[in-house]
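Taking it in order: structure first as structure tokens, then the write-up.
Rule-based calculations on the coordinates, nothing more; no lab input. Just so it is clear, the model here is predicted, and its values are computed rather than measured. We place every Cβ from the backbone using ideal geometry, glycine too, and count neighbours over all the protein chains shown.
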Amino acid sequence: TYVKHLRHVPIDTTNATSGMATLENVMTCAARSRSVAFTHMNATSSRSHSVFSLHIRGTNLENGLVARGTLNLCDLAGSERLDRSNHDLSTPEGMARLKETQSINKSLSTLGDVFGALSAGSSHVPYRNSKLTYLLQDCLGGDGKALMFVNLSPTVESSFESLCSLRFAQRVNQVELGRATRDVSQGSSSGGGTTATSASPS
């Protein structure tokens, strides 16, 4: 699985001011890269997922032990029904929204397949079936912890979408990732470091 436009940016941990400035620049760039468009359901609808990964490495200068960790922040694009979005499929813009919707729904379906395989204890988990699940493989693979929030619309018109979201959350709730493990190894005494990675997979 290959993810285009994946950026890997080192963060200066020795200087809090410059390090935070670099981190904010990465997040601003990632926000600009994310596809957002108007639909009849949402004026600023996210047309792609957003994945932000913060890789942290700390070194114990006395014994040389190196600890590594990664924080993954993922904002999923919501699935939308074409009959409610009211896109004109006779126009190029309407066809573009159609392809985006199909891509979003496909990747969300693949994510559901991953959760299904994990909850069933399957020997094969289809992480490589989409860019989204490929990027989230490390945090869903059993070595870490995962927390998911589900946003629901309070309107009656969106009750079908809300029900689908709750069913998806129920599937996720059945998954047991196991106990998180520490990534500690013997390394050089070169100090710690932090890097940030951002991507907008569809």
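Rank-order 69-78, 103-112 by packing density, defined as the average count of other C-beta atoms within 10 Å over each peptide's residues, highest first. Before the final figure, lay out the partial values.
Details: 69-78: 16.3, 103-112: 18.3.
Listed from highest to lowest mean packing, they are 103-112, 69-78.
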Task: Under 14 Å from the T181 label point (7 Å along Cα→beta-carbon), backbone N, region 99-139 - done: 138-139
TODO: Take the Cα radius of gyration of region 126-170 and divide it by 2.2 N^0.38 Å, with N its residue count; two decimals is plenty.
DONE: 1.50
